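Every number in this text was worked out from the coordinates using simple rules, so none of it is lab data. No experiment lies behind these values; they were computed from the predicted model shown. Every residue, glycine as well, gets a Cβ built from its backbone with ideal geometry; the counts of neighbours run over all protein chains shown.
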Amino acid sequence: MFTLDQFASWLTGSHWPCIIIAMLVFLESSPVIGLFIPGVLLLPAIGALSGSNLLGFGEIYLCCLMGALAADSLGYGLGRLGYGEWQHQFTSKGHNRARQQASDFLHHYGGPAIFIGRIMWLIHPLVPTLVGALGTPAWRFYLLDTLAVIVWLALELGLGHGLLVYTRQFTGSFADWLILALGLFALLIGVYAWRRQSLFRSNK
C-alpha cells in the first residue's frame with residue numbers, strides 16, 4: 001500500500017514537489033473541476049505531509065497558496081469574460097443548485113460573502129467566477145479572496161498536520177483519546193459531507 005510517508009518521499013525526491021502540490025490545490029479550487037474534488041479530504045492529507053518531517057509546513061503552505069490564488073484568478077477572470085452565464089452547461093443539476101445558492105448568497109450579503117463563500121465547502125470553487133460575473137472590482141475581490149484563502153489553508157492544512165503529529169506522539173491518556181476522538185469526528189463529518197454530495201449528484 002502507498003503510504004503517506006512514501007508519498008512524501010516521492011514528492012521530496014521529485015524535481016517539482018511544490019509544483020505538484022500547487023497543481024493539486026489549483027484543480028481543487030478551479031471552477032467546475034473543483035466541484036468533483038473533495039477538498040475537505042485533500043487539503044488535510046496535504047497538510048499531513050508536513051508532519052512526516054520530509055516537507056516543511058511553511059513550504060507546503062506557500063505552494064498551496066500559489067495554487068489556490070492562481071485558480072481563483074482564473075475563475076475571476078472567466079467570470080469577467082461572461083463565463084458565469086454558461087458555466088451551468090458543464091455541471092450537474094446538483095452543482096447548478098449550489099451555483100444558484102452561491103449567487104444568491106453573494107447578492108444578499110455583498111463583500112463579506114466573498115470571504116465567507118471562499119471558505120465554505122462545496123461552493124468555494126464557484127465563488128470567484130460568480131464574483132467576476134457580478135462585476136466586483138478586482139481590488140476588492142483580491143483583498144477579500146486572499147484573506148479567505150490564507151484562513152482556509154491554515155485551517156485545512158493545520159488539521160492534517162496536527163492530527164498526524166499528535167497521533168505519532170500519542171501516549172494513551174484520557175486527554176489524548178479525547179483530542180483524537182474530536183479530530184476523527186471532524187474528519188468523519190468531512191467524509192459524510194462528501195458522500196452526501198456524491199449521492200445528491202447521482203440522484204439528480
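Annotation: extensible slack from His15 through Trp139 equals 41.2 nm (criterion: 0.36 nm per residue apart, minus Cα-Cα distance).
Rank these for me by crowding, Val131, Val151, going from fewest to most other beta carbons within 10 Å. Write out the running numbers ahead of the final one.
Details: Val131 30, Val151 13.
By the 10 Å Cβ count, ascending: Val151, Val131.
By the beta-carbon count within 10 Å of each Cβ, the least crowded to most crowded order of Ile150, Ile21, fewest first, is Ile150, Ile21. Each of Tyr76, Tyr61, Tyr142 was scored by other Cβ atoms within 10 Å of its Cβ. Arranged with the fewest first, they read Tyr142, Tyr61, Tyr76.
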